[in-house]
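Here the structure comes first, spelled out in structure tokens, and everything after it is commentary.
The values are calculated or read from the model by the stated rules, or taken from the named source; none is laboratory data. Bear in mind the structure is a predicted one, so any value in this text is a computation, not a measurement. A quick note on method: Cβ atoms are made from the backbone with ideal geometry, for glycine too, and the neighbour counts reach across all protein chains shown.
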Amino acid sequence: MVNVSSAVGSLSVNVTVPLVYPQNNILLVYFDDMGVEQCGKYDAVFGSAGYAATEAELLTRGIYANMPNLDAFHATSVQFIQAHSQPVCSPTRAGFYSGRYGFRTGTGSLITTDRLTGGVGNKCHTFGLDVATPTSGNYVNRREYTLAEVARNAGYKSGFFGKWHLGLWKLDASTDSKNTDESGTLPNGTAYTATGWDHLDAVGKWDHWWSIFRNPSSKPQPYSGNNPYGSYGVANGAGQNGGYYARTKGDTATTLYNGSANYLEKLKIQKAIAWMNDPANHPFVCVVAFNLPHAPFHDTTLAGYTVRSVYTSLMADPDTDIRAWAYYGSMREAADVEFGNLMNGITASIKAKTDIFVTADNGTEQGINQGAYDQTDGKGTPTMGEFVNLLQGRAKGTIYNMGSWVPLWVSGPSVKGTIPRTCSLPVDVHVDLFESFRHLMHVNYTGVAGNQTKDGASIVPALGNALHGIDSHTKKHCHVEYFKPNGDPDDVEDQGLATTDFRDERAYIRYIRTVDGYSGTAAGLYKFIRALDPATGIRTDSFYRIATSAGSPSGSDWDEQTNIIADGTYAGQLAIVKAAAEALWAQA
């Protein structure tokens, strides 16, 4: 509120005028399985600590894909150099749409029925719903207050386009036409209810959506008459969930799209553009969740994209990792084309009123980086540099840096000051973006959905817009976790699971800097890890300095090769980070 004083003759009048905030649109775009090491515009962040070649050479050799549209977006943005996701798809997405860590939502690993075998099925869980007892098929509502509900309370419309991956399903090999919950029994005898397409309505609460429910399971094949490749029970056998020409839902009925013109990502972008350009949907919060460049890895020239020979020449290589890397390169370049179509398809007047956030859901698969290494090994200039942890299994699916370190760019009317520029603020790209969107929409939580604990901190102040000053604060930490089965991570051992069926790993990343009140030596970004060894049931701790005080990996142990937990030099930093981590984890 602003107090305005005015004098009229001898009469003094005080008027309280409410602040009027702009209702900018909000667009979240995220790619699937694309860590920072895949992005040429993060090359300068790594410097000599990363690839042992120039950005231009790496682009020529295909280590960096040709992504001119992302490069152009970078030029208008704030680039966050310490942004972290969760290690796999579902937990990051749950945080995007709830603003809460996985130990609160119960989403610590992939939500998928085909992983609920043996003891893991004793706690069958899907985002927003949970089994009341291990032997019951009755779901209880965990009642998440979702991003779409925040939007509705602010007078915004909400739209979702793309991969959901937050509910269970039951495959229908013939039509996949049902829009209702279905019941079934897991291999261990546990009853469950599979929430199908209606999960986006009942739990997601979206005003409008157009979605492929989970990952495509097959790659596109050349079109041949009535061959709807990738569809249920047709080209790839009963039980397949569709490929990049896949069954989707969100129009008038479940629709099977096929043919290169109906490549999944092309359709997704077209649907999103049409919805955002409709004035009836303004102001909006829109999510475009790419499937690219997630497996199944394939040649995107089949869908009409132009792909460089550095990739097409290796698509028949006898090394399976090199082949996957070549396909992945073509998929990254196709993703960039569709990102460009998205940016160019939104009308200029609407785009001028839209804050756009671009990130990824987790790091890159290990096999892709193995292929990149194999492709260059012995061929002249080495390009993997010090990315040795990518070859140690420390990629997607782990709590190590290359499993969670993702790009994040923000551009739009809320960005003020010099651009492009970098920001070293540690960002949880799931919960912090949820909070940032709430911040931009100026919605309070009081009295809503039981006033749930939200874990994010808004990054809007870092964008430099003083107008959006409410609840402004900075954040010093990120939290990465991976536990399965889904449910309560502290119940893992209590379920009597076979050792190969469960995991419980947590990482806490925190800045220790003078500006944050620390007066000791060796300031920087530190990472404390606590992991359960499934073979022994023993939890072990480790500690790493992963960035300098400026957030740079150069001059630090960013690839987590040296555990300093027993090094007394860092006792002060360890005490601070460990105490903060344990205080958070005690809430689980």
Worksheet item: For the stretch 477-503, how many residues meet the condition of being under 21 Å from Leu166 (Cβ atoms), at pLDDT 65 or above and not in a loop (DSSP other than H, G, I, E, B)?
Response: 8
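Check the stretch 46-66 and report whether any residue there is closer than 26 Å to Arg510 by Cα, among the hydrophobic types (A, V, I, L, M, F, W, C), crowded, with 24+ Cβ neighbours inside 10 Å and modelled with pLDDT of 90 or more.
Among the residues of the stretch 46-66, not one is closer than 26 Å to Arg510 by Cα, among the hydrophobic types (A, V, I, L, M, F, W, C), crowded, with 24+ Cβ neighbours inside 10 Å and modelled with pLDDT of 90 or more, which makes the answer no.
One line per residue, one yes/no per condition, for (1) surrounded by fewer than 22 Cβ atoms within 10 Å (Cβ to Cβ); (2) free of Cβ contacts under 8 Å to residues at least 60 places away in the same chain; (3) of a type in the set (Phe, Trp, Tyr); (4) closer than 29 Å to Pro22 by Cα:
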| residue | (1), (2), (3), (4) |
| --- | --- |
| Ser330 | no, yes, no, no |
| Phe339 | no, no, yes, yes |
| Asn344 | yes, yes, no, yes |
| Gly363 | no, no, no, no |
| Ala372 | no, no, no, no |
Worksheet item: When you scan the stretch 530-582, how many residues do you find that are among the β-branched types (Val, Ile, Thr) and part of a loop (DSSP other than H, G, I, E, B)?
Response: 5
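Go through the stretch 553-576 and give me each residue that's aliphatic (A, V, I, L, M) and over 22 Å from Leu425 (Cα atoms). Walk me through it before giving the result.
Taking the stretch 553-576 and keeping what is aliphatic (A, V, I, L, M), we get 564-566, 571, 574-576.
Selection gives Ile564, Ile565, Ala566, Ala571.
Report, by residue number, each residue of the stretch 542-571 that is touching a residue at least 60 places away in the same chain (Cβ under 8 Å) and surrounded by fewer than 17 Cβ atoms within 10 Å (Cβ to Cβ). First the steps, then the outcome.
If we filter the stretch 542-571 for residues that are touching a residue at least 60 places away in the same chain (Cβ under 8 Å), which is where we start, we get 546-547, 550-556, 558-561.
Scanning the stretch 542-571 gives Ala550, Ser554, Gly555, Gln561.
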Response to the item:
Per the list (1) within 20 Å of the chain's Cα centre (by Cα); (2) of a type in the set (Asp, Glu); (3) modelled with pLDDT of 90 or more, residue check on Glu265 breaks on (3)
Worksheet item: In the stretch 263-312, which residues are without any contact (Cβ under 8 Å) to a residue 40 or more places away in the chain and aromatic (Phe, Trp, Tyr)?
Response: Tyr305
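Across the stretch 523-540, which residue is nearest to Trp585 (Cα to Cα) among those that are surrounded by 14 or more Cβ atoms within 10 Å (Cβ to Cβ) and not aliphatic (A, V, I, L, M)? Write out each step before concluding.
The first filter runs over the stretch 523-540 and keeps only residues surrounded by 14 or more Cβ atoms within 10 Å (Cβ to Cβ), leaving 523-532, 534.
Those still in the list that are not aliphatic (A, V, I, L, M) too: 524, 526-528, 530, 534.
Working: Gly524: 22, Tyr526: 17, Lys527: 15, Phe528: 12, Arg530: 10, Pro534: 19 Å.
Ranking the qualifying residues of the stretch 523-540, first place goes to Arg530.
For residues that are under 21 Å from the mean Cα position of the chain (by Cα) and in a helix (DSSP H, G or I), tally how many sit in the stretch 342-368. Spell out how you get there, then give the answer.
The initial filter retains those residues of the stretch 342-368 that are under 21 Å from the mean Cα position of the chain (by Cα), namely 342-343, 354-368.
Among the residues that remain, those that are also in a helix (DSSP H, G or I) are: 342-343, 366-368.
Of the residues in that region, 5 qualify.
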Practice prompt. Considering every residue within the stretch 315-334, establish whether at least one is at pLDDT 85 or above and of a type in the set (Asp, Glu).
Written response: yes
Response to the item:
How many residues of the stretch 296-328 are assigned to a loop (DSSP other than H, G, I, E, B), surrounded by 17 or more Cβ atoms within 10 Å (Cβ to Cβ) and among the charged types (D, E, K, R)? The answer is 1
Practice prompt. Read through the list (1) at pLDDT 95 or above; (2) surrounded by fewer than 24 Cβ atoms within 10 Å (Cβ to Cβ); (3) not in a loop (DSSP other than H, G, I, E, B), then give the number of the only condition that Thr92 fails.
Written response: (2)
